[in-house]
Structures are given as C-alpha cells and as structure tokens.
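Notes follow once the structure below has been shown.
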Amino acid sequence: MLISQHPSRPTQKDHLHTSILLVEGDLDFGAAIKRALKQHDYLVNWVTDGSEAWTLLENQLLENQQNQYTLAIFDWMLPGVTGLELCKRLRETNNHLPVLMLTVKDRVEEKIIGLDVGADDYLFKSCSITELVARLQVLQRRYGLFQQPQKTVSNLTLNYNNNTVISHDCAFERQEIPLTNKEFYVLEYLMSYPNQIITGDEIRTQFQKMNSESCSCVVATQVRTLRQKLTNCGCSNPIEALQGSRYRFNLI
C-alpha cells in the first residue's frame with residue numbers, strides 16, 4: 001500500500017515534459033499513484049489492464065512513432081498481460097522505454113527475474129511516494145530524460161528550446177510555427193494522449209498548476225488559435241474539437 005507523504009516538490013525542470021505510462025490493476029492503488037504523480041507535475045496515462053497497455057505500445061511501434069512516454073510503471077501482477085510479459089515484449093521489439101516494476105513479491109529470485117527481462121528498477125508496493133518519485137528521478141538522470149528538446153507525435157514536432165512546432169506535411173516551405181506558452185502547453189498535453197478524448201476541464205487543471213488563467217474560454221481560445229496557425233501554414237490539422245468542450249489529437 002502506498003504510504004502518503006508530502007515531500008518537498010522537485011523543481012519542475014527536473015522532470016520537464018515527463019509522460020508516464022502507469023499500468024496498475026488495483027483501482028485504489030492506481031488512483032493514489034496517479035494523483036500523487038500529477039501533484040508532482042508529471043503527465044500520467046493510467047490503464048488497468050496489461051493487454052490494453054500493450055495495444056498502446058504496439059500501435060506506436062506499428063506507426064513507427066517515437067516513444068510517446070518518457071517512463072513506464074508496470075505492476076507485476078496485471079490482468080491480461082502481466083507486467084513481466086509487458087517488459088519482455090518491449091525489449092524484444094528493441095524498445096528501450098525505462099520501466100519501473102511495482103510488486104508485492106519480495107524474494108530476491110523474483111527480483112532477478114524482473115531485472116532479467118529488462119526492468120530498469122524494482123520497487124515494493126509498500127513504498128512511500130517519496131521513494132517512488134526519487135526512483136523515477138534516478139531513471140530520468142540515468143537515461144538523460146530531464147531535458148527533452150523535441151517531441152514528435154504523428155506529423156508534428158514540438159521544439160522545447162524555442163516554443164515552436166514543426167509540421168512535416170506543410171504545403172509551404174518547412175518552417176517553425178511560433179506558439180505562445182499556453183498554446184504550446186495545450187498542444188503538448190494533447191500530443192501526450194493521442195487518439196484519446198481530453199476534456200477542457202483536464203486542460204484547465206493543468207493551467208491551474210501553472211498558476212495561469214484557467215477560465216473555460218481560455219482552453220477553447222488556445223485550441224482555436226492552434227488550429228488556425230496550422231491551417232495558415234497549409235498543414236494538416238490533427239486537433240479535433242468535439243462537442244462538450246472535448247478535444248482529441250488524432251494520429252495522421
């Protein structure tokens with residue numbers, strides 16, 4: 001069981017733009033981890049079934065995409081496909097996504113099995129949130145993940161160094177499209193969850209964490225200007241605006 005603690009928050013730059021795939025079958029435990037990590041400004045996509053997690057990762061491979069996630073947390077005992085099998089499949093496809101394995105198993109032999117199939121670290125479920133965040137930061141340092149100058153999903157590449165986006169299918173000459181901080185943040189958030197419906201409330205929550213204006217019209221305005229900037233440059237627009245202040249970043 002996760003021990004709730006309130007450690008000093010790491011600076012945001014320490015895990016800038018870190019997207020975590022959390023695969024945890026225990027609903028209460030998974031919700032606690034997601035809530036705690038979001039409080040530390042991580043982007044978290046939580047699924048409860050190993051088969052669903054593998055579908056997400058496999059689709060990424062089939063579409064020849066870069067890892068949409070920076071880190072992964074797998075529960076060893078998952079329904080469908082176990083965390084052990086998930087990790088094994090990743091390594092067999094030459095995917096080097098850093099994986100932290102969570103388990104109730106405490107035998108040394110079982111820990112060795114997890115590391116042998118490619119897990120990068122191993123943590124018991126009795127851990128505190130302090131230790132979990134610390135282990136994630138170790139993985140980030142080990143793999144140089146604290147700074148991510150670019151992020152490519154579908155036909156768009158975000159450049160963190162100058163707050164621009166590049167579309168790879170523009171009708172005009174290749175160019176970097178400048179974005180405001182809010183436009184950049186909205187686009188990054190949508191790109192972190194491709195093909196998933198994101199509500200305006202979810203995005204507004206992220207704005208609140210930035211101590212930024214978060215009224216309902218702000219999200220709609222940012223999405224509208226993002227779409228317009230892409231259209232003006234002759235680019236395909238992957239951002240779909242749905243009824244009820246919901247949005248989806250579609251893989252093209």
| task | Could you tell me whether any residue of the stretch 198-220 is in contact with a strand residue (DSSP E or B) (Cβ under 6 Å, 6 or more places away or on another chain) and at pLDDT 75 or above? | result | yes
| query | Which residues, taken from the stretch 139-158, are modelled with pLDDT of 80 or more and surrounded by fewer than 17 Cβ atoms within 10 Å (Cβ to Cβ)? | reply | 152
| request: Being closer than 15 Å to residue 222 by Cβ and in a loop (DSSP other than H, G, I, E, B) is the filter; apply it to the stretch 160-183 and report the residue that is modelled with the lowest pLDDT. | output: 163
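The values are calculated or read from the model by the stated rules, or taken from the named source; none is laboratory data. Being a predicted model, the structure only gives us computed values, none of them experimental. For neighbour counting, all protein chains shown are included, and Cβ atoms are generated from backbone atoms with ideal geometry for every residue, glycine included.
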